[in-house]
Amino acid sequence: MPKPKRPEPARFKIGDYWLSKRPDARGDLWYRTWYDGAAKQTRRISLCTRDFEEAKIKLAEWILESQNLTDEDPSTVQLATVILRYWNEHGSKVRSHETGQTGPREMEEVLWSRHGE
């Protein structure tokens, strides 16, 4: 008797990127997927997780970390993007980086608690 198929979660998309699984059904990993107009094909890179919620977070983090902000109007850049980039490029490399994690963590808690209201 064949295994019953699990229903797939609704498609999750941010900008030009979305989550997908391999169309050939090999493996159960989630992929960051986009359409490459120059090559006229869909491309994907594994997010190395089977969990849909974790894949959504990984996709969002990748987008925040990889946005090209050259010549970007400062009023359009999200504060979370600025803090994440500062932490990754500078804060995580200083001797007191454990202490430096406190501020961003507290700010994240405040932002999420206000977002949930």
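The values are calculated or read from the model by the stated rules, or taken from the named source; none is laboratory data. What you see is a predicted model; the values in this text were computed from it and never measured. Heads up, the Cβs are rebuilt from the backbone with ideal geometry, glycines too, and the neighbour counts pull from every protein chain shown.
Tabulated values for the structure
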item	result
Pairs, first on the phi < 0 side of the Ramachandran plot and without any contact (Cβ under 8 Å) to a residue 40 or more places away in the chain in the range 37-59, second surrounded by 13 or more Cβ atoms within 10 Å (Cβ to Cβ) and assigned to a helix (DSSP H, G or I), C-beta under 7 Å, six or more apart	LEU47/ALA55; LEU47/LYS58; LEU47/LEU59; THR49/ALA55; THR49/LYS58
Residues that are assigned to a helix (DSSP H, G or I), surrounded by 15 or more Cβ atoms within 10 Å (Cβ to Cβ) and among the charged types (D, E, K, R), drawn from the range 19-75	LYS56, LYS58
Residue among ALA39, ALA25 that is at pLDDT 90 or above and not assigned by TED's automatic domain parsing to the domain that holds ALA80	ALA39
Some residue of the range 52-63 being within 14 Å of the chain's Cα centre (by Cα), at pLDDT 85 or above and farther than 28 Å from GLU89 by Cβ	yes
